[in-house]
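The next block holds one structure in the form of structure tokens; read it before the comments.
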């Protein structure tokens, strides 16, 4: 009788422990996803402030270089400042967005991006200002595409001159 009771207690304890561990892992995973998404939102907000004020930009699918005049809040020491955003591979399909100011040290501003083709630039024309399109795909596990969270936006360069 004791063996049966011990077996039942062991099975119940194992089941409860398994549920508890799975719940903790799910909570940690959700927290990591939230942090990665929040970093991407904050990075876009920062880019928007700097690019709105930029006098010129150049862009490829993975790099944006902005020239920020001295009167802008993100300019260093009131001088014209060059800010570069670059997507760099961390491993496999994981990329980080890094920000560099005046060729200084790069700082990571977003992580767990699932593609290195996040930018496209439309040059100013006679009818429109320059525009940078941003498409961040955030995913902690790129192999599981259904978990991808996408942030798409357009940033208009207010200080560009129409051609």
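Before moving on, here are some points about what is shown:
- Computed from Cα positions, the angle between helix 2-53 and the longest principal axis of the chain comes to roughly 0 degrees.
- Summary of the geometry: the range 85-110 and the range 24-48, compared by the centres of their Cα atoms, lie 16 Å apart.
- Within the chain, helix-based [θ] at 222 nm, where runs of 4 or more DSSP H residues each add -39,500 (n - 2.57), nearest 500: -12000 deg cm²/dmol
- Backbone N within the range 82-115 under 14 Å of label point (7 Å from residue 60 Cα along the Cβ vector): 85-89
- Spacing of the two label points (7 Å from each Cα toward its C-beta) at residue 1 and residue 42, in nm: 6.2
- For the chain: rounded, prolate or oblate by the Cα gyration tensor [a/c cutoff 1.5]: prolate
- When each of the peptides 75-83, 62-70 is scored by the mean number of other C-beta atoms lying within 10 Å of its residues, the order from highest to lowest reads 62-70, 75-83.
Only the coordinates and a few stated rules stand behind these numbers; no lab work does. Note that the structure is a prediction, hence the values are computed from the model and not measured. Virtual Cβ from ideal backbone geometry, glycine too; neighbours counted across all protein chains shown.
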